[in-house]
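A.B. asks: Quick one: the structure is below, questions incoming.
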Amino acid sequence: MSVTINGTRHVVEVEVRTLLSDLLRQELGYTGTHVGCEHGVCGACTVLVDGQAVRSCLMLAPQVDGREILTVESLSGPSGLHPLQDSFRRHHGLQCGFCTPGILMGVLGEANAGRDLQTVLDSVLSGHLCRCTGYVNIRAAIRDAWPTLKERR
Ligand code: FES
Ligand code: FES
């Protein structure tokens, strides 16, 4: 199969039962995608597949043959942090950071899908478990960055 990850095309041979999260982390070294529950609950493994937020522990690697994936590693570059990452930094929207890659990619996926801010804060965020922050600062960071995310769509 072939898959483009963060702009780089990879041609790989995988078992049909390989999870996308395992392909990313173990085969290709994109360890910014975290794995918590491995059954679709915690949201830590969220990546974008063709712009849409998906839980990579619930997808098989062969399902992304020919598709484009963005992981958290795609967000920052020579010009610095992505505005959403910068907002998390300014608002102290993370502590241990385990949940952070999944939340960042999940929020960006919802912005791509045209979701409104309140939906993201009320329901989308409820699908991302954070054991550290209490969500107050995460919500503040998303709220602050949201207008910029909408402009970048
Ligand atoms: Fe995928 Fe928890 S590891 S949702
Ligand atoms: Fe530690 Fe969210 S910052 S789990």
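The values are calculated or read from the model by the stated rules, or taken from the named source; none is laboratory data. None of the values given here were measured: they were computed from a predicted structure. For neighbour counting, all protein chains shown are included, and Cβ atoms are generated from backbone atoms with ideal geometry for every residue, glycine included. Please note that ligands, DNA and RNA were not included when accessible areas were found on the heavy atoms of the full protein model with its side chains. Shrake-Rupley method; radii C 1.70, N 1.55, O 1.52, S 1.80 Å.
A.B. asks: Output the strands (runs of 3 or more DSSP E) that fall wholly within region 1-110 and possess 2 or more residues being under 15 Å from the mean Cα position of the chain (by Cα), or say none.
C.D. replies: Per the criteria, 46-49, 52-55, 68-70.
A.B. asks: Right, another one. Quick test of your reading of the structure: TYR30 fulfils all but one of (1) among the hydroxyl-bearing types (Ser, Thr, Tyr); (2) open to solvent by less than 30 Å² (accessible area, probe 1.4 Å); (3) under 30 Å from VAL11 (Cβ atoms). Name the failing condition by number.
C.D. replies: (2)
A.B. asks: Taking the stated definitions as given, is HIS82 modelled with pLDDT of 95 or more and away from ligand 1 (no atom under 16 Å from the Cβ)?
C.D. replies: Against the criterion (modelled with pLDDT of 95 or more and away from ligand 1 (no atom under 16 Å from the Cβ)), HIS82 qualifies.
A.B. asks: OK, next. Do you know which of the residues in region 120-130 that are under 18 Å from ARG55 (Cβ atoms) and of a type outside the set (A, V, I, L, M, F, W, C) is nearest to the chain's Cα centre (by Cα)?
C.D. replies: It comes out as HIS128.
A.B. asks: Pairs under 6 Å by beta carbon, first residue polar (S, T, N, Q) in region 125-148, partner exposed (fewer than 15 other Cβ atoms within 10 Å of the Cβ), six or more apart or different chains?
C.D. replies: Filtered contacts from region 125-148: THR133/GLN95; ASN137/HIS92.
A.B. asks: Would you call GLY36 within 16 Å of ligand 2 (Cβ to nearest atom) and not aliphatic (A, V, I, L, M)?
C.D. replies: yes
A.B. asks: Which number in (1) open to solvent by less than 50 Å² (accessible area, probe 1.4 Å); (2) touching a strand residue (DSSP E or B) at 6+ places or on another chain (Cβ under 6 Å) marks the one condition that ASP50 misses?
C.D. replies: With (1) open to solvent by less than 50 Å² (accessible area, probe 1.4 Å); (2) touching a strand residue (DSSP E or B) at 6+ places or on another chain (Cβ under 6 Å) applied to ASP50, the lone miss is (1).
A.B. asks: Tell me, please, whether a residue that is open to solvent by less than 30 Å² (accessible area, probe 1.4 Å) and in contact with a helix residue (DSSP H, G or I) (Cβ under 6 Å, 6 or more places away or on another chain) can be found in region 129-140.
C.D. replies: no
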